[in-house]
Structures are given as structure tokens and as C-alpha cells.
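The structure appears below as C-alpha cells.
Read-outs throughout are calculated quantities, based only on the coordinates presented, and are distinct from any laboratory measurement. Model, not experiment: these values are computed from the prediction. Cβ placement follows ideal geometry from the backbone for every residue including glycine, while neighbour counts extend to all protein chains displayed.
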Amino acid sequence: MHPRKDLLESKHTLVILLLLVFGGWVAWAFIAPCLATRSYTNAGAFGDMFGGLNTLFTGFAFAGLVYTIVLQRKALRQAENELADAKASNRQQHFENVFFQLLSLLNAIVDALTTNDKRGRDALFPLANNLICGLRLDPKADGEAEWKRIREYYSEFYDRFETSLAHYFRLVYRILRLIENSDMADKSFYVKTLRAQLSSQELVLLFHNGFSEKGAKMKPLLEKYALLKHLPESATAYPDHRNFYEASAYVDKKS
């Protein structure tokens, strides 16, 4: 609640309490003698017994006590809300610090890649091209047999280039797990930030890595967060290979 509005409501509460106490005191001053004596002419002696001012001041003191309790409860609620907001802000700040540090590390790993005379993301192009061309050379099978063929071929490919790819895949997986395990309200923002860093060649490698045992844990996250949304149609050995992933891997969820 807004502090100014809260203060105004507190003042209204105090005024209402004082009016109730004063009204009750006035009503009692008139009604009680009549009830006790049945006559206004003989009520004076009876009225002296009440100590009218003491009763009024006692009522005001009680109203003040109630008002103080109300203020303390509101102050406590406001403090709890501020503490919760501070904790949420600190969690988000910590998450973003880790997220962007990992993102910087991912880019550093890519920049350090070398293949023949190429470096950085340019070095990924021959790797992705080698993978796709190799799959096209082997006879294509159907259904589970084709999936098995891709896994076997990719396993051999991965063994040849493990030193270049292992750290990269592990870091992408770690970033996805960081997002998955966080309590951030807008996870899609961080997923899109990660996705914006990925080149077409990286998507090709991530796509095929999901078929292997090494990428089995990453595949559901690729599908959940549509990380393959920008994978080019021509970036697979055969178009129907895209069907090995759920459709959600290519389309953002509607918010």
C-alpha cells in the first residue's frame, strides 16, 4: 500500500475510534441515570458515581492503545513487504550476474575455437558442414533405424572433435539448467538472450548433439525453450530429421 494512503487510513481509524468512545460516553451519561432511577430529577446523585471525566479519559486511552496496535501491525506488514521485495531483487541480481558471466564465458569459448585456419564462429562452419555432409553420404534408413544411424554417426563425429565441443556443450547445458531452476518470472527473456548468441552452425551442432547419449539431458530443454527456433530448414541432412524433436523446439510458447 502507498505510504500516504496508509497514513490517511490510520488517521481515519483513530478519528472513528475517538468518535465511538465519545459517543458511547455521552449516550451512557444520559441513559444510565434514567435506567437506574427512572427519573431525570433524581439522577444527579447517581451520575456522580460514574466519574464522567475519568470514564472519558479511560476510553480515549483505550482508543489510543487500539490505534497504536493498528499502526504497529501496518508497520510490520510494510516491513515484511519491503523485506520480501529486497530478497526478490537480490535473487534476481544474483541470477543475472551468474547468467551474464556464463554467457560471456560461452562467447569466450567460441572465440577460442580453431579449425584448420579458421577461428571463432568461423571455425564452427566446417564442423557443421562436415556433420551434415557425412550424414548424407550414409544410406538413409526409416524410423528408429534412422535415429540409431544418426546417433552412431554423431558419436564418431563427437569423438573426433571432443576437445573443441565438450566445454561448449556443457556450458550451454549449464546455462539452460540455470534458467530452468531459477524462480525468475520471465524466463523467456533469458532464453531469448541466449538464443540470440547462437549462430546457425551452433544450432546445427546442438540439434545433432540432442540425438546422442551425451546430449540426452539437454534435448528436453531445447524443446521446452524453443532453442532451435532459428535453425535453418536446410541445416539438417534431411528435412524429416527435424521430426525427431517435438514441435516446441522450433516455436516459442504463447504467453
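Data table
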| quantity | calculated |
| --- | --- |
| Calculated diffusion of the range 101-151, Stokes-Einstein form, Kirkwood radius summed over Cα pairs, 10 °C and 1.306 mPa s, µm²/s | 122 µm²/s |
| Using a Förster distance of 22 Å, the FRET efficiency for H167-H230 (Cβ separation, nearest 0.05) | 0.45 |
| Shape box of the range 136-255 [Cα atoms, principal axes, largest first, Å] | 46, 32, 22 |
| Model label zone, R91; criterion: amide N under 14 Å from point 7 Å along Cα-to-beta-carbon; scope the range 176-202 | 179-187 |
| Note, ³J(HN,Hα) from phi for the range 239-244, Karplus 6.51, -1.76, 1.60, rounded to Hz, x at Gly and Pro | x, 6, 5, 4, 6, 6 |
| Members of K187/K253; K140/K224; K140/K253; K118/K217; K118/K192; K192/K214 lying beyond 21 Å, as alpha-carbon distances in this model show | K140/K224; K140/K253; K118/K217; K118/K192; K192/K214 |
| Distance between modelled label sites at E144 and E213, nm, 7 Å Cα→Cβ extension | 1.7 nm |
| Cβ-based charge dipole, the range 113-249, positive-most Cα from A123, I179, T236 | I179 |
| For the range 197-210, 3J(HN,Hα) per residue [Karplus equation, 6.51 cos²θ - 1.76 cosθ + 1.60, θ = phi - 60°, Hz, x = Gly/Pro] | 7, 8, 7, 4, 5, 5, 5, 4, 5, 5, 4, 6, 5, x |
| R119/T193 FRET efficiency (R0 30 Å; Cβ-Cβ; nearest 0.05) | 0.80 |
| Modelled FRET efficiency - R0 35 Å, V70 with A185, Cβ distances, 0.05 increments | 0.60 |
